[in-house]
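Here is the structure we will look at.
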Ligand code: AHR
């Protein structure tokens, strides 16, 4: 044994002589994820619908007209092209007179005077071209109303080349749904879907849709498999949805209403997206809850506290707006109905609706969030209290998550905490987007939080960058959250996803385009913590550095050591594992390190991308380890 190691063991023995290992219970749900339809996370992202603007509901009023790049490009025919083949003579119009239903007001109407060589109709290019795989099946559907019987040709195309084609017979003077399956002969990264009518006269069209059959878990109206798999790989304990600012909305008329997002997709009530695009609600509450179940995560819906977002009402009003008190009973009832919908017996009104949607078993809702980083105004307080009181009266077992403003230390944070001391929600949601040094300077933030007060949900945080150094600063901070896992119960990095080229917020955890997923280094930090969480925290096991942790999973007995070094130079640490009996003699060691200024490719895979590297090591009672500069290391020792 080297002299240095001997010396280290000696020093370790002395330093630990007075500090006995101690364990405490910490939250099992510490590491979750935050989904918000921002950066085209849902429509154009996770939601696998390939047709953009399928129901002609895009409107110039969806967007902030100052958003230069969208000016003039955002209207009911965005992503659509009017097709007239050969010498066809036809006209297309947007109609509202006799819609599919009162929630879905716009539809397209074509009138053909001369059919031409191959008819006339519409083409949709999806989100910058559709990705089609040879041999795979795609489900097409459309609602049509025709004034004469005839045919429509449905084609997948790339330029002049036809990838797949089928014909549907159309015959109904009332709105009717038509469905077909298309199988492509070729791969394409730039495909379109076409619907071409083959007879003279008028046809009305709505909800023109195309889904891959291969969605995540092959679900209908499902999710893009590669993106959902990236989430599954995180093994998050919970999923927060649907926001963020999206949840409390751009003025009261834009507050997210969960009831608008369930049921048949053609009956959902679409709305504009506070992030300057459009919400189809195709990825609605049923799909969110289903995703949670498929991934094995607890659902954490966060709904507005009866007030809108204070700083994003730039088009619909002015600052935080409150639902009028005379409308609050109905709003509160919506919250109660959500709990019944999620957990109620199928004989209840809302439980039955869940069963009718295909899920008779309850979803097991445990947490509900009220409000998102709202200013703590009298209007907020009055409405929050009403909602919380009603929930606790009817469902005392539901854990309410309150909110303490957008920052870690300002007036809203102080007033939010003071309000939480009065109203006693089980948890409050803290948010902070700060530079990496802030995270390194705040490793003791929670050490002195009062354990008898509300627990903390760190619902949104990020260190404003995707370099290795950012990720390591976040990892260092996460060791402090594990150490304080008896008061910090939940955490979620934000934002989660960003579609390259359609991004309103940077940095994000996972970038993607139509073909690929690009996890950031920050993603790997989240994954390493989440995949290696425990419910027991052991202190006085590791010496040599502050940003380390030792947790144990009481179910398996596995012991997990995490070592974070945010310095450029290596640092030695030592762990005394003699408190743990019957452990394996070898362990897995995962190291994330590299050049601290590096970021992973966003839009391309680079040779230099930083990813965790796994190896197997021998472990005894004393483990000495040299942490590389700018690194996170996770060592997992399984119980025999
Ligand atoms: O995560 C992005 C935004 O940051 C959220 O929508 C909002 O809650 C916060 O300000």
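We did not get these values from a lab; they are worked out from the coordinates using the rules stated. In this text the structure is predicted, and so the values were computed from the model without any measurement. Ideal geometry is used to build each Cβ from the backbone, glycine not excepted, and the neighbour counts take in all protein chains shown.
For the stretch 44-108, the C-alpha radius of gyration divided by 2.2 N^0.38 Å, with N the number of residues, is 1.31. Per-residue Cβ neighbour counts within 10 Å put 209, 530, 93 in the sequence 93, 530, 209, beginning with the fewest.
Can you give the FRET efficiency to the nearest 0.05 for residue 422 and residue 148, using r as the Cβ-Cβ distance and R₀ = 45 Å?
0.10
The mean sequence distance of close C-alpha pairs (under 8 Å, at least 6 residues apart), as a share of the length of the chain, puts its relative contact order at 14 percent. Of the beta bridges in the chain, as assigned by DSSP with both residues counted there, near 80 percent are antiparallel. The ratio of the alpha-carbon radius of gyration of the stretch 60-212 to the globular-protein estimate 2.2 N^0.38 Å is 1.05. Three principal axis extents of the stretch 541-637 based on alpha-carbon atoms, in descending order, are 46, 27, 21 Å.
Each of residue 535 and residue 200 was given a label point 7 Å from its Cα along the Cα-to-Cβ line. The distance between the two points is 7.4 nm.
Between helix 378-394 and the chain there is an angle of about 90 degrees, using the helix long axis and the longest principal axis of the Cα atoms. Under the simplified labelling scheme, the residue 366-residue 329 pair shows an inter-label distance of 3.5 nm, with each label point 7 Å from Cα along Cα→Cβ.
In plain terms, the chain from residue 133 to residue 181 could stretch by 15.9 nm, reckoned as 0.36 nm per residue minus the Cα-Cα distance.
Listed peptides 198-206, 484-492 appear in the order 484-492, 198-206 once ranked by packing, highest mean of other Cβ atoms within 10 Å at the front. Taking the average, over residues, of other Cβ atoms within 10 Å as the packing measure, peptides 215-223, 61-69 rank 215-223, 61-69 from highest down. Each label was represented as a point 7 Å from its Cα along the Cα-to-Cβ direction; for residue 171 and residue 397 these points are 5.1 nm apart. Averaging 1/r over each pair of different alpha-carbon atoms in the chain and inverting the result gives 26.6 Å, the Kirkwood hydrodynamic radius.
Each residue in 614, 85 was given a count of other beta-carbon atoms within 10 angstrom of its own, and listing them fewest first yields 614, 85. Roughly what % of Cα-Cα distances in the stretch 208-304 sit above 23 Å, to the whole percent? Value for the stretch 208-304: 28 percent of Cα pairs lie more than 23 Å apart. Taking the longest Cα principal axis of the chain as reference, the axis of helix 521-531 is set at about 70 degrees.
Counting each DSSP H run of 4 or more residues in the chain as -39500 (n - 2.57), what helix-only mean residue ellipticity at 222 nm follows after dividing by all residues, to the nearest 500 deg cm²/dmol?
For the chain, the value works out to -6000 deg cm²/dmol.
Given Cα pairs under 8 Å that are at least 6 residues apart, what percent is the relative contact order of the stretch 558-640? After rounding, I find 56 percent. With respect to the chain, whose longest principal axis is taken over its alpha-carbon atoms, helix 3-16 is tilted by about 90°. Across the stretch 403-459, Cα-Cα pairs farther apart than 17 Å form 37% of the total.
Given R0 = 35 Å, the distance between the Cβ atoms of residue 611 and residue 444 translates into a calculated FRET efficiency of 0.65. On full extension, the segment bounded by residue 554 and residue 515 gains 10.0 nm, given 0.36 nm per residue less the C-alpha separation. Rounded to the nearest 0.05, what FRET efficiency do residue 409 and residue 626 have when you use their Cβ-Cβ distance and R0 = 35 Å? Efficiency, rounded to the nearest 0.05: 0.45.
Between the C-alpha center of the stretch 97-112 and that of the stretch 18-42 there is a gap of 46 Å.
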